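A short worksheet on the structure shown next.
The values are calculated or read from the model by the stated rules, or taken from the named source; none is laboratory data. Quantities reported herein were computed from a predicted structural model and do not represent experimental measurements. Here Cβ is always computed from backbone atoms with ideal geometry, including for glycine, and neighbour counts include all displayed protein chains.
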Amino acid sequence: MSTATIVVAVFSLVLAALLALLMIPVLVWLERRVAGLVQDRLGPNRTNVGGFRLGGVVQSFADVIKLVLKGEYYPSHIKMGRWLFMLAPAITFAMALLAFMVIPFADNIVVDGESLRIQALPIESGILWYMAIGAVGIIGIVFGGWLSHNKYSLIGAVRAGAQMIGYELPLGLSVIAIVLTYNTIDFNVMVQWQSGTVLGFLPAWGIIVQPLAAVIFIITLFVETNRAPFSVAEGESEIVAGYMTEYTAMKFAMYFMGEYVAMNTASAVIITMFFGGYQLPWVSTQFLLEHFSIFALVMMPLIPLVVYFVIKWMRKNNRVRETVSTDGGRLFETKVLTIALIAMTVIIELILVYLALQPVGAFSTSIAVTLFQVVIFVVKLMVFNLFFILVRWTLPRFRYDQVQKMGWHYLLPLSLLNIFITALIVVGVS
Amino acid sequence: MDKRIKTVPRYGTGFKDRLYLPAIYEGMKITFKHLKDNVSDSNAIDVLEYPEEQPTDITERYRGLHRLTHREDDTVACVACFMCATACPSNCIFIEATERTDGVDEKMPQRFAIDTLECIFCGYCVEACPCDAIRMDTGIFSLTGNAREDFVLEKEQLLAYKGAFGEEKSIAGK
């Protein structure tokens, strides 16, 4: 095993762990903040460390500290399966985390003629791993609800289980149509496939090639992640908190965080399969590698422009209104962040100048391309997480029987039809 | 069909409605517009930056924290008749009566305490009082303390609160 292999593997693993775990506080904060802004409120924006509030994201870290330090409470009526009761949230959390590990964050990097995957778990059957591990997460929910010895918890667990069975079928069937189209079960090859064009000008993204499968897949992933409008397993208006009713402190937080990791994973999978993964539309990795100097020249004016607008937005919004007397350190925070952003821009510009002067095929170029693709991936991931959150604050929850009816009566036949059409076209084309 | 029966047309049976996705799109458009507007100018959101900004819309009818009123000569107006304590649904008023020796009246409270943690701010004590000795017009809506005992307001504290609506000195009956 060469040094490059180890470096790339460690890099991918650290990146995956960071993207999955560090995203939890950001997503919890984003959820609350977006909810507030959608409803014309402000959301959490007060908590700060030395005047730095970063829009309020510090609140999530305070919440985590609170949950960790909370007294452990164990419901006394639970006599049997105590260890499983404690283990159940960890199962859900761990499975959501593991499912994230097969997402490619950038195209394979070639080091000394050896092609290395930027994937925490460098396996070729990514979609199978995701389907298998993603389905195991439900076991944690079922155990938790069952062992709680509580009617509401049991109903929640039953709902989660039944919902899972109802939607795992359309999910799997829509994936079959996609596998037929891409002719692979490797996530990275799927992304590479999407770098082409269809009809001459449209990017060959999954959403354009397989619109029906994309819609079914996105809907089923909403169910799979137990998010609104399909959050009947929690259903706080009917069954208290569903399977989480008897859970407190960090055990509850495990479920709670697992939900966000699952959402993050779902976003990543949707991006990878339907929205071109880590790639920009029309721009393949090969093209980037060959024309990176042109690309760097295009980026050079764009980055300061974006940073300029970010700073302008920050100066406008990171201040208190006139009627409020105390500033709370916002002015100082804006100043420091402005300097940091400008310094960052200057450094990036210098790096871009250096890269633009490199000959075609230089190793530094391929590293730059990899990092650039990671950035694209993260941006797309955030956009999709925002979509998940926005859907939650737009749609009311479905009634439980409607959820079941939709899964079995509409999505299942539709996905079967989709397989049929796809198969006909694939056979016809080849 | 009977004339009193009105048949309500059933909506949502068309293909577009049953598809559900156009409706989701319409809804997302509205929420996204709110999000976009509020992100681009968060100071324009019509909210109160409490506690830096205090509410200005507390009306005279607002049931705030209790206070005890005075007589013309600055003594307590309460005659310790126990009407408020009897009317209180949460039993949070504690009165110890004593004889009044200055000739103004016969009886006065030795101790008059309200446990505001128990109080539900229903205002029955104000209604029950025969001599306008207790009112809830201080306009105070938030009470903080470090211990449970801090929330038991004694007679001296209750007498010290001023009414929020215009008067210099709180005189019973005026």
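Structure summary
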{"read-out": "Contacts under 9 angstrom Cβ, first residue in segment B:22-49 being closer than 23 Å to residue A:318 by Cα, partner small (Gly, Ala, Ser) and in a helix (DSSP H, G or I), 6 or more apart", "value": "B:37/B:44; B:38/A:36; B:38/B:44; B:45/A:36"}
{"read-out": "Any helices (runs of 4 or more DSSP H) falling wholly within segment B:1-93 and containing at least 2 residues that are surrounded by 16 or more Cβ atoms within 10 Å (Cβ to Cβ)", "value": "B:21-40, B:83-87"}
{"read-out": "Test: residue in segment A:283-293 that is within 14 Å of chain B (Cβ to nearest Cβ) and part of a helix (DSSP H, G or I)", "value": "no"}
{"read-out": "Residue check for residue A:395: in a helix (DSSP H, G or I) and either touching a helix residue (DSSP H, G or I) at 6+ places or on another chain (Cβ under 6 Å) or among the aliphatic types (A, V, I, L, M) (or both)", "value": "no"}
{"read-out": "Qualifying residue in segment A:251-261 (condition: within 25 Å of residue A:405 (Cβ to Cβ) and either touching a Ser or Thr at 6+ places or on another chain (Cβ under 8 Å) or crowded, with 24+ Cβ neighbours inside 10 Å (or both))", "value": "yes"}
{"read-out": "Check on residue A:217, of a type in the set (Phe, Trp, Tyr), surrounded by fewer than 24 Cβ atoms within 10 Å (Cβ to Cβ) and part of a helix (DSSP H, G or I)", "value": "no"}
{"read-out": "Meets criteria (under 18 Å from the mean Cα position of the chain (by Cα) and of a type outside the set (Lys, Arg)) for residue A:220", "value": "yes"}
{"read-out": "Residue count, segment A:398-429 (criterion: assigned to a loop (DSSP other than H, G, I, E, B) and among the acidic types (Asp, Glu))", "value": "0"}
{"read-out": "Which numbered condition residue B:15 misses (of (1) touching a helix residue (DSSP H, G or I) at 6+ places or on another chain (Cβ under 8 Å); (2) more than 9 Å from chain A (Cβ to nearest Cβ); (3) of a type in the set (Phe, Trp, Tyr))", "value": "(1)"}
{"read-out": "Test: residue in segment A:231-243 that is among the acidic types (Asp, Glu), in contact (Cβ under 8 Å) with a residue 24 or more places away in the chain and not in a loop (DSSP other than H, G, I, E, B)", "value": "no"}
{"read-out": "Unmet requirement for residue A:83, which otherwise passes all of (1) under 25 Å from the mean Cα position of the chain (by Cα); (2) of a type in the set (A, V, I, L, M, F, W, C); (3) part of a helix (DSSP H, G or I); (4) in the same structural domain as residue A:251 (by TED's automatic domain parsing)", "value": "(1)"}
{"read-out": "Of the criteria (1) buried (at least 21 other Cβ atoms within 10 Å of the Cβ); (2) within 14 Å of another protein chain (Cβ to nearest Cβ); (3) closer than 16 Å to residue A:62 by Cβ, which one residue A:27 fails", "value": "(2)"}
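To keep it simple, each residue is scored yes or no on (1) touching a Pro at 6+ places or on another chain (Cβ under 8 Å); (2) on the phi < 0 side of the Ramachandran plot; (3) away from chain A (no Cβ under 14 Å).
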| site | (1), (2), (3) |
| --- | --- |
| B:27 | no, yes, no |
| B:49 | no, yes, no |
| B:54 | no, yes, no |
| B:82 | no, no, yes |
| B:97 | yes, yes, yes |
